[in-house]
Amino acid sequence: MVARLFDEETRRGHEAARGDFFALAPAVLLSLRCAMANVISFLFGTIALVLAIIGFIPLLGWLNWLIILIAGVGAAFGAASDKNSGRNFCFVVMGICALRLWIGGGII
């Protein structure tokens, strides 16, 4: 009798837990998507930063125009995220490249 009662309570507990999981699943997936957007933003920012180091070589300043576009795409992904760190990182990279362009007169 006790084992049967325990099994019934366990079954009801699993059903409730399963129902809660499927009720929360869209929220969890949305949170994961937002976190993934932040990771993608960091990847775009890192790629742009590596290219920005190359863009600091004299006569390769034109590369900064491309880097600003890449970091802008990363910032767009960061805006879709619930965190600001990836977006802000891309803004810093864009600012560094804009400063380099300003110092070089826009092309050099």
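Quick one: in the stretch 93-105, which of the residues that are of a type outside the set (Phe, Trp, Tyr) and loosely packed, with under 12 Cβ neighbours inside 10 Å is modelled with the lowest pLDDT?
Gly105
Taking Asn38, is it among the polar types (S, T, N, Q) and within 24 Å of Ile107 (Cβ to Cβ)?
Considered against the rule, which asks whether it is among the polar types (S, T, N, Q) and within 24 Å of Ile107 (Cβ to Cβ), Asn38 comes out as no.
Does Ala35 fit the bill of being modelled with pLDDT under 90, within 14 Å of the chain's Cα centre (by Cα) and aliphatic (A, V, I, L, M)?
So Ala35 passes the test.
Name the residue, out of Ala35, Ala76, that is in contact (Cβ under 8 Å) with a residue 40 or more places away in the chain, out of contact with any strand residue (DSSP E or B) (no Cβ under 6 Å at 6 or more places or on another chain) and part of a helix (DSSP H, G or I).
Ala35
Regarding the stretch 50-71, can at least one residue be identified that is farther than 21 Å from Ala35 by Cβ, in contact (Cβ under 8 Å) with a residue 24 or more places away in the chain and exposed (fewer than 13 other Cβ atoms within 10 Å of the Cβ)?
Yes: the stretch 50-71 contains one or more residues that are farther than 21 Å from Ala35 by Cβ, in contact (Cβ under 8 Å) with a residue 24 or more places away in the chain and exposed (fewer than 13 other Cβ atoms within 10 Å of the Cβ).
The values are calculated or read from the model by the stated rules, or taken from the named source; none is laboratory data. If you're wondering where the values come from, they're calculated on a predicted model, not measured in any experiment. Cβ: placed from backbone, ideal geometry, glycine included. Neighbour counts: every protein chain shown.
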